[in-house]
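Worksheet for the structure shown next.
The values are calculated or read from the model by the stated rules, or taken from the named source; none is laboratory data. Everything numeric here is computed off the predicted structure, so don't read it as measured data. Neighbour counts are summed over all protein chains in view; Cβ atoms, including those assigned to glycine, are modelled from backbone coordinates with ideal geometry.
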Amino acid sequence: MADPSFAPNMFASLGKLVRTQGIAGIYGGLIPIMCKQIPFTITQFLVFEAAATVIYKEFAKRDFKDVGAKFGTGITFGCGVMSGVAAAIVSQPGDTVLSVMNKAPGTNLFQAVQQLGPAGMYRGLGARCVHVTSFIAAQFLIYDSIKRAFGIEVPGPPPAAPDPRLSLARLLLPPFARALTPLRAGCWRGGGEGAPG
């Protein structure tokens, strides 16, 4: 609640809002919030996944080994920073418009946009980039750690598939080795060709 004197609590605020502005008043800032949150959420995940995929592919081209184990945390943090900056830029107009509407009750979306102008909608972008990037980078460090802990696929080179020939060899060689052991022992006892001297 921007004005503490409007009502003493949430329920009183809701009742007064409905009486003065009708049901539509409850959803007065819905469009600006959607214009802010939807691009923000889509951009942060899209940029993070795309950036991480590109970085891991570049490491793979240069034949780096165990990239995830050696550089995983740094890559996650760097991609989180990139996604935070991108999300802040994309969602800044919606955030600025929402701030204007909150400061001047009764201002609608079109009035706020007209008041700000194209340049005004990006006012304060630098400060918001710092604010947003800090918590998004931390968020993705936690997000990536949880995915790894639960075995969920993360961006990067997929683990190499086991060679089916090696799997077959592991399955068949032990029985053959056990079957051949008496034969080898008999050859050695009989002084056959190849017996140890």
Could you say which residue among Gly106, Gly151, Gly80, Gly94 is at pLDDT 85 or above and in the same structural domain as Ala52 (by TED's automatic domain parsing)? Gly80
Those residues of region 4-40 which are among the hydrophobic types (A, V, I, L, M, F, W, C) and farther than 30 Å from Ala86 by Cβ, in sequence order: Phe6, Ala7, Met10, Phe11, Ala12, Leu14, Leu17, Val18, Ile23, Ala24, Ile26
Answer residue from region 36-61, given it is surrounded by 18 or more Cβ atoms within 10 Å (Cβ to Cβ) and either touching a strand residue (DSSP E or B) at 6+ places or on another chain (Cβ under 9 Å) or within 18 Å of Val132 (Cβ to Cβ) (or both) and is modelled with the lowest pLDDT among those: Lys36
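One line per residue, one yes/no per condition, for (1) free of Cβ contacts under 8 Å to residues at least 24 places away in the same chain; (2) aliphatic (A, V, I, L, M); (3) at negative phi:
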residue	(1), (2), (3)
Pro8	yes, no, yes
Leu14	yes, yes, yes
Leu17	yes, yes, yes
Gln21	yes, no, yes
Ile26	yes, yes, yes
Gln44	no, no, yes
Val47	no, yes, yes
Ala50	yes, yes, yes
